[in-house]
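Let me begin by presenting the structure, written as structure tokens, before commenting on it.
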Amino acid sequence: MSNVKIKVISRNPEDYLRATKRDIQKIPRNYDPSLHPLEAPREYVRALNAVKLERVFAKPFIGCLDGHRDGVSTMAKHPSQLAVLASGAFDGEVRIWDLTVRKCTRNFVAHEGWVRALCYNPDGKHFMSVGDDKTIKTWKAEAVTEEDEEPTNTLLSMSVVSGITHHRNKPIFATCGEQCQLWENTRNEPIKVFKWGVDSLHHVSFNQVEYNLLASCASDRSIILYDCRESGPLRKVVLELRSNALSWNPMEAFIFTVANEDYNLYTFDVRRLKEPVAIHMDHTSAVIDVDYAPTGREFVAGSYDKTIRIFQNDKGHSRDVYHTKRMQRLTCVKWSLDNKYVMSGSDEMNIRMWKARASEKLGVLKPRERQALNYAEALKEKFATHPQVKRIARHRHVPKHILNAQKELRTIREKTKRKEANRRAHSKKGTIPVVSEKKRHVVKEDE
Amino acid sequence: MKVPRQKNQNNPAHKNVKSEQENTNESQKKKVKRYFELDKPDSKTDTKTDEVKVYNVKVTPRILWNQKQKDQKRQFLKNEYGNTFSQRKQKKKYPGKAPIDPKRLEKHSRGEGLQGIGVRNPIHKLKLQKKEKLYQKALEQAARSEILLTEDQGYVELEDEDSNTRAINQQIIARNIDIAAATKIFELNLDFGPYRAKYSRNGRYLLLGSKKGHLASFDWVTKKLNFEINVMESIHDISWLHIETMVAAAQKDWLYIYDNTGTELHCVKTISKVLKMEFLPYHFLLASVNEYGFLSWLDISIGEIAGECNSRAGRPKAMTHNPYNATLCLGDSKGVVSLWAPTVKEPLAKILCHKTPVSAISVDNRGLYMATSGVDRSIKIWDIRNLDGPLQHYKVWSPPVDLDFSQKDMLAVGFNETVEIYSNCCTQTVSKPYLRHKMAKTVNNFKFCPFEDVLGIGTDRGFTSIIVPGSGEPNFDALESNPFQTKKQRKEAEVKALLEKIPAELITLNPFEVTEVDVPTMKDIIDSKKKLLHVKPKKVDMTPRRKNKGQTHIARKKIIKDAARRDHIEKLKAASALYEKDEQKEKPVRKQSFGVLDRFVSNPTKSKK
């Protein structure tokens, strides 16, 4: 037995231990599945932990900007500076905020009565405000001297102005009030006036991609589309109740979402206004404002029921709901242009900053941390439909008044459903047609 | 070598070869020869005019380049293969990633993926296909990463093919390996009767417990002792808990837990008279069976009993756990092996393995094979996933005392004073053992050391450690179990493991059940309907809202109860109709006809009469 060759496992500890204390530990890996038994249940437990941790870390409220002496009526994002936000109040005051330090950098009284709307010029050097005093004022975005505090331009409108929006690249802006007016920056008279037999319009918005298109919400429950190159309005769609605000999808030029008085939001395709693309339910009171995320996949809605909800553009129900005890009726919401934050202005004089994804960690992520988060994300996705995981991921605590209102709405909805079913069952076939939920809310479409 | 014609454009000789007309022109030109024109030999051009054909090809740089490439290739082939090799077979210079060995892919595979058949929505289908691609990529990456493994598996090679590895004893092994490895062959002579030995999960520590109460734990590589005590009671079984600082000992009456200094941490009186113990590391369950056949699973992280039941099999003969799905395998004196989970009171499966009492059970690492041995000197290998088998049936020369699978699927079989190791004995029938170790001591139990080529044998007079080349997994995964773990790593791993503790309810025969879609089978639906036949009608307990309205209290009650009864009867009718339908189906519709001879076919109904 001399001519035998034997090899056994003989590990040199030096190959497996770190050389010095400052060195990192050696972690040899072997991905052989037999060394990693019970893969599926272990992943399931990890997914469960990940989704629990997500809820544990869901602390979306970042801070509050206080200073206004009356309710915040409107807000405007700076087109190029993330940290700048302009806000107007019901007492006519306009404030400019530095969001990084959460302080007001400038404040002045711009109008008598409300500040109805604010909007920045595309170059970000000026912003405009409209108020109850029928004036359209242009201000410098940054005030260095005292002269800069005064408006650079004041336009007098013949009628009440309630909304303003600026063209993407031309020096044109649109206002709304009794009618929709197009102005050029240098001229005192509107260059165009659009009328469609409506007493008043309360919101107007330029499409920032298909930049000649603009839409407005009217008090006769209609949404009107205009082309700024044409002389008359294009089309209009009438819903059951009036729409309060409108936001264009920044990635899909033909899609817009309106916040409606009937507690819902409707996403429309301009090419087909007969029925909405999607209905977004969950609010328990009138939805006041809506704003799209720069990705166009999500939007934020603020409601009269004192909550903010975040919706995915193709889903019927909200992804998240934000509320605090002190926050009152929402008046305006904005999604920041870096897709990370949400700003909300409310009745009780405060502007609040929220994270767009409630459990996201702010600040720099180390590679291992990011890897762990990515892994957790993948696991959550893999086990998303498991009842336990689903339950935890879906659960949101809402104030009692919301819970009760939800319950009430549910019973109302069930009641109408049941009643219709009964009527259908007891009447001649075909006399009570089945109308889909999408078609139900649109009254008519005009051209 | 042929020179392609297009290339000759620059050749001055060729320039002259154009057409006859031109030639005449040239000859005319020569008469008026200017001072800068060179004299060219006329005779040369004239002779070649007829031989050379003229092609009117417009030569572009691309054609030139192609031609150049072709020439080079031809030249190369001629040099290499003597102009016989075809151009197609020529290899690329950089052929891309190396192909992966299909066996490796198979090893890392999680089963065949979805093809998207039956998915109607094209978007969902696309999503599934995309995900499938990701899985495939992960699989390939895992298979490729094997190249990074540093250690190789052990082996024994003999120069002459005829001789047998069985003849190699520990002295020969010790002589042929390095000194560090040779220290792993050692023997401990201890006085306190038959010893049981178990290695910790990372293979670094060894726990010894003797029938006469001797309990010791030590780092067997450095031979550093953790503690050594005598519990002054008999110890029936021992077990490591999730880390090497805690051990459990099943003593005469109760279960005790000690730490790494020998201090008693707990005395678990809810579990008594334990004979066999197994620790399930991912569930933090200490499974035990006592001498009356009571199984109990103790959750050691919270100190509660996760499940217990009576196996109704009497005194257990052997117990082990299946590392693939964490079920318990219990062998009894009737030769039956039953599989148990903590939350199910009945066995998940039962296999009649032997006609005599089961003496030992072992399940391999991947949960593919189970080896059982009976007192009738037989060893059987079973396919434990299909509960199929036996795959192999061996008759050995003496009744086996203990069995153990190594990480690389070697099977150690212990006889009275001998341990034999069989390699590759599950898929094929082997006639001779791979190694044999004889001692002058009685074998009590033995375990393969994880991540080492070592077999530790507990005997009646101590402990023996022998080397079995090729039995252990050479490459460990440090995030799973690390033999070189530091204290800090151990602490971190403990916290992580506790966070990922699998609940006891997830112990099932198929560990992947949790990722599968839960669809009630047709059988379940029919069974639930059939059950209605045996359900009592719902009791109606009602008090009318408004008294004395129209009919009396009692009459109204009766009406409602009657309605409920009628409803129940309707349901019963529907269920019984289903039942009858089934019965009808079960009847054989037609018998085979033998023509005239039919009268001789026995009729079961008639014969009963």
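The values are calculated or read from the model by the stated rules, or taken from the named source; none is laboratory data. Nothing here was measured: the structure is a model prediction, and the numbers come from that model. Note that each Cβ is placed from the backbone with ideal geometry, even for glycine, and that neighbours are counted across all protein chains shown.
Which of the residues belonging to region B:135-150 are assigned to a helix (DSSP H, G or I) and not acidic (Asp, Glu)? Let's see the steps before the verdict.
First, the residues of region B:135-150 that are assigned to a helix (DSSP H, G or I): B:135-148.
The answer is B:Tyr135, B:Gln136, B:Lys137, B:Ala138, B:Leu139, B:Gln141, B:Ala142, B:Ala143, B:Arg144, B:Ser145, B:Ile147, B:Leu148.
Is there any pair linking a residue in region A:210-223 that is polar (S, T, N, Q) to one that is in a strand (DSSP E or B), with Cβ under 6 Å and at least six apart or on different chains, and which?
So the pair list comes out as A:Asn212/A:Asp227; A:Ser216/A:Cys176; A:Ser216/A:Cys180; A:Ser216/A:Leu201; A:Ser216/A:Val204; A:Ser216/A:Ile224; A:Ser222/A:Lys236; A:Ser222/A:Val238.
When residues of region B:450-489 are filtered for being within 12 Å of chain A (Cβ to nearest Cβ), over 25 Å from the mean Cα position of the chain (by Cα) and of a type in the set (D, E, K, R), how many remain?
Number of matching residues: 2.
Please list, ordered by residue number, the strands (runs of 3 or more DSSP E) wholly in region A:1-117 having 1 or more residues that are of a type in the set (Gly, Ala, Ser) and more than 14 Å from chain B (Cβ to nearest Cβ). Quick ask: steps written out before the conclusion?
Working: elements: A:4-7, A:61-66, A:72-77, A:84-89, A:93-98, A:103-109.
Counting at least 1 such residues, we get A:61-66, A:72-77, A:84-89.
Select from region A:148-166 the residues that are of a type in the set (Ser, Thr, Tyr) and over 16 Å from A:Gln179 (Cβ atoms) and list them in ascending order. Spell out how you get there, then give the answer.
First pass over region A:148-166, keeping only residues of a type in the set (Ser, Thr, Tyr): A:152, A:154, A:157, A:159, A:162, A:165.
A:Thr152, A:Thr154 - these are the residues of region A:148-166 that are of a type in the set (Ser, Thr, Tyr) and over 16 Å from A:Gln179 (Cβ atoms).
Which one of the conditions (1) more than 19 Å from A:Asn249 (Cβ to Cβ); (2) in a strand (DSSP E or B) does A:Lys306 fail to meet, given that it meets all the rest?
Going through the list (1) more than 19 Å from A:Asn249 (Cβ to Cβ); (2) in a strand (DSSP E or B), A:Lys306 breaks only (2).
Do we find that B:Val268 is β-branched (Val, Ile, Thr), away from every other protein chain (no Cβ under 14 Å), within 16 Å of B:Val344 (Cα to Cα) and in contact (Cβ under 8 Å) with a residue 12 or more places away in the chain in this structure? Break it down into steps so the answer makes sense when it comes.
Values: β-branched (Val, Ile, Thr): yes; away from every other protein chain (no Cβ under 14 Å): yes; within 16 Å of B:Val344 (Cα to Cα): no; in contact (Cβ under 8 Å) with a residue 12 or more places away in the chain: yes.
The answer is no for B:Val268.
B:Ala360 - would you say it is under 29 Å from B:Ile305 (Cα atoms) and out of contact with any Pro (no Cβ under 7 Å at 6 or more places or on another chain)?
Numbers: under 29 Å from B:Ile305 (Cα atoms): yes; out of contact with any Pro (no Cβ under 7 Å at 6 or more places or on another chain): no.
So B:Ala360 does not fit the description; no.
Just one of A:Glu360, A:Glu298 is at pLDDT below 95 and of a type in the set (Asp, Glu); which is it?
Working: A:Glu298 fails: at pLDDT below 95.
Matching residue, one of A:Glu360, A:Glu298: A:Glu360.
In region A:191-207, what count of residues is obtained for those that are buried (at least 17 other Cβ atoms within 10 Å of the Cβ) and over 22 Å from A:Gly88 (Cβ atoms)? Don't jump to the end; show me each part of the working.
Within region A:191-207, the first condition is being buried (at least 17 other Cβ atoms within 10 Å of the Cβ), and the residues that meet it are A:192, A:194, A:196, A:198, A:201-207.
Checking the rest, the ones that are also over 22 Å from A:Gly88 (Cβ atoms) come to A:192, A:194, A:196, A:198, A:207.
Residues flagged as buried (at least 17 other Cβ atoms within 10 Å of the Cβ) and over 22 Å from A:Gly88 (Cβ atoms) within region A:191-207 amount to 5.
Can you work out which of the residues in region B:275-307 that are closer than 15 Å to B:Pro503 by Cα and of a type in the set (Asp, Glu) is surrounded by the fewest Cβ atoms within 10 Å (Cβ to Cβ)?
Residues of region B:275-307 closer than 15 Å to B:Pro503 by Cα: B:279-287, B:297-307.
Then drop every residue that is not of a type in the set (Asp, Glu), which leaves B:299, B:304.
Working: B:Asp299: 19, B:Glu304: 10.
The qualifying residue surrounded by the fewest Cβ atoms within 10 Å (Cβ to Cβ) is B:Glu304.
The rows are residues; the columns are (1) buried (at least 23 other Cβ atoms within 10 Å of the Cβ); (2) under 25 Å from A:Ala215 (Cα atoms); (3) touching a strand residue (DSSP E or B) at 6+ places or on another chain (Cβ under 6 Å).
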| site | (1), (2), (3) |
| --- | --- |
| A:Lys77 | no, yes, yes |
| A:Ser80 | no, yes, no |
| A:Ser129 | yes, yes, yes |
| A:Glu142 | no, no, no |
| A:Asn153 | no, no, yes |
| A:Val160 | no, yes, yes |
| A:Ile164 | yes, yes, yes |
| A:Ala174 | yes, yes, yes |
| A:Cys180 | yes, yes, yes |
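Against the condition surrounded by fewer than 17 Cβ atoms within 10 Å (Cβ to Cβ) and not basic (Lys, Arg), how does A:Gly302 come out, does it pass? Working first, answer last.
Values: surrounded by fewer than 17 Cβ atoms within 10 Å (Cβ to Cβ): no; not basic (Lys, Arg): yes.
The answer is no for A:Gly302.
Can you name the number of the only condition in (1) modelled with pLDDT of 95 or more; (2) under 27 Å from B:Arg436 (Cβ atoms); (3) hydrophobic (A, V, I, L, M, F, W, C) that B:Leu391 fails?
Status for B:Leu391: all satisfied but (1).
For residues that are surrounded by fewer than 22 Cβ atoms within 10 Å (Cβ to Cβ), more than 12 Å from chain A (Cβ to nearest Cβ) and either assigned to a loop (DSSP other than H, G, I, E, B) or among the aromatic types (Phe, Trp, Tyr) (or both), tally how many sit in region B:180-198.
6
Based on what the data block shows, is A:Asp314 in contact (Cβ under 8 Å) with a residue 60 or more places away in the chain and on the phi < 0 side of the Ramachandran plot?
Numbers: in contact (Cβ under 8 Å) with a residue 60 or more places away in the chain: no; on the phi < 0 side of the Ramachandran plot: yes.
Considered against the rule, which asks whether it is in contact (Cβ under 8 Å) with a residue 60 or more places away in the chain and on the phi < 0 side of the Ramachandran plot, A:Asp314 comes out as no.
Considering only residues of region B:161-179 that are at the interface with chain A (Cβ under 7 Å from one of its Cβ atoms) and surrounded by fewer than 13 Cβ atoms within 10 Å (Cβ to Cβ), which is farthest from A:Tyr31 (Cα to Cα)? Spell out the reasoning first.
Quick first cut of region B:161-179, residues at the interface with chain A (Cβ under 7 Å from one of its Cβ atoms) only: B:167-168, B:172-173, B:176-178.
Then keep just the ones that are surrounded by fewer than 13 Cβ atoms within 10 Å (Cβ to Cβ); that gives B:167, B:178.
Numbers: B:Ala167: 36, B:Asp178: 29 Å.
For region B:161-179, the residue satisfying everything is B:Ala167.
Could you tell me which numbered condition A:Arg168 fails, if it satisfies all but one of (1) over 16 Å from A:Gly88 (Cβ atoms); (2) among the charged types (D, E, K, R); (3) over 23 Å from the mean Cα position of the chain (by Cα)?
All conditions are met except number (3).
When the residues of region B:123-150 are narrowed to those that are of a type outside the set (Gly, Ala, Ser), facing chain A (nearest Cβ under 9 Å) and closer than 17 Å to B:Lys107 by Cβ, which ends up farthest from the chain's Cα centre (by Cα)? Step through it out loud before you land on a result.
Residues of region B:123-150 of a type outside the set (Gly, Ala, Ser): B:123-137, B:139-141, B:144, B:146-150.
From what is left, the residues that are facing chain A (nearest Cβ under 9 Å) are B:141, B:146, B:148-150.
Filter again for closer than 17 Å to B:Lys107 by Cβ, leaving B:141, B:146, B:148-149.
Details: B:Gln141: 18, B:Glu146: 16, B:Leu148: 21, B:Leu149: 19 Å.
Looking at the filtered set, the residue picked out is B:Leu148.
Which residues, taken from region B:391-411, are among the polar types (S, T, N, Q) and surrounded by fewer than 20 Cβ atoms within 10 Å (Cβ to Cβ)? Walk me through how you get there before you give the answer.
Here is the first cut: in region B:391-411, the ones among the polar types (S, T, N, Q) are B:392, B:398, B:406-407.
Those that are among the polar types (S, T, N, Q) and surrounded by fewer than 20 Cβ atoms within 10 Å (Cβ to Cβ): B:Gln392, B:Ser398.
Go through (1) part of a loop (DSSP other than H, G, I, E, B); (2) in contact (Cβ under 8 Å) with a residue 40 or more places away in the chain; (3) of a type in the set (A, V, I, L, M, F, W, C) one by one and return the number of the condition B:Ala478 breaks.
Every condition holds for B:Ala478 apart from (2).
Filter region B:498-522 down to residues that are surrounded by 17 or more Cβ atoms within 10 Å (Cβ to Cβ), outside any loop (DSSP other than H, G, I, E, B) and out of contact with any Gly (no Cβ under 9 Å at 6 or more places or on another chain) and give me whichever is modelled with the lowest pLDDT.
Ranking the candidates gives B:Val514 first.
What pairs can you find where one residue is in region A:144-171 and assigned to a loop (DSSP other than H, G, I, E, B), the other is acidic (Asp, Glu), and their Cβ atoms are less than 9 Å apart, with a gap of 6+ or different chains?
A:Met158/A:Glu178; A:Ser159/A:Glu178; A:Val160/A:Asp132; A:Val160/A:Glu178; A:Lys170/A:Glu184; A:Pro171/A:Glu184
Being basic (Lys, Arg), at pLDDT below 95 and in contact with a strand residue (DSSP E or B) (Cβ under 8 Å, 6 or more places away or on another chain) narrows it down to one residue among B:Lys529, B:Lys441, B:Lys536; which is it?
Values: B:Lys529 fails: in contact with a strand residue (DSSP E or B) (Cβ under 8 Å, 6 or more places away or on another chain); B:Lys536 fails: in contact with a strand residue (DSSP E or B) (Cβ under 8 Å, 6 or more places away or on another chain).
When all the criteria are applied, what remains is B:Lys441.
Being touching a Lys or Arg at 6+ places or on another chain (Cβ under 9 Å), surrounded by 19 or more Cβ atoms within 10 Å (Cβ to Cβ) and in a loop (DSSP other than H, G, I, E, B) is the filter here, so list the residues in region B:326-346 that pass it.
B:Asp332, B:Gly335
For A:Leu241, are the conditions met, namely being in a strand (DSSP E or B) and not polar (S, T, N, Q)? Steps first, answer last, please.
Working: in a strand (DSSP E or B): no; not polar (S, T, N, Q): yes.
So A:Leu241 fails the test.
Just one of the numbered conditions (1) of a type in the set (D, E, K, R); (2) without any contact (Cβ under 8 Å) to a residue 60 or more places away in the chain; (3) in contact with a Ser or Thr (Cβ under 9 Å, 6 or more places away or on another chain) is not true of A:Lys334; which one?
With (1) of a type in the set (D, E, K, R); (2) without any contact (Cβ under 8 Å) to a residue 60 or more places away in the chain; (3) in contact with a Ser or Thr (Cβ under 9 Å, 6 or more places away or on another chain) applied to A:Lys334, the lone miss is (2).
Give me the residue from region B:156-174 that is in a helix (DSSP H, G or I) and free of Cβ contacts under 8 Å to residues at least 60 places away in the same chain and, out of that set, farthest from B:Asp453 (Cα to Cα). Walk me through how you get there before you give the answer.
We begin by selecting, within region B:156-174, every residue in a helix (DSSP H, G or I); these are B:165-167, B:170-174.
Narrowing further to those that are free of Cβ contacts under 8 Å to residues at least 60 places away in the same chain: B:167, B:171-172.
Values: B:Ala167: 18, B:Gln171: 15, B:Ile172: 15 Å.
Per the criteria, the residue is B:Ala167.
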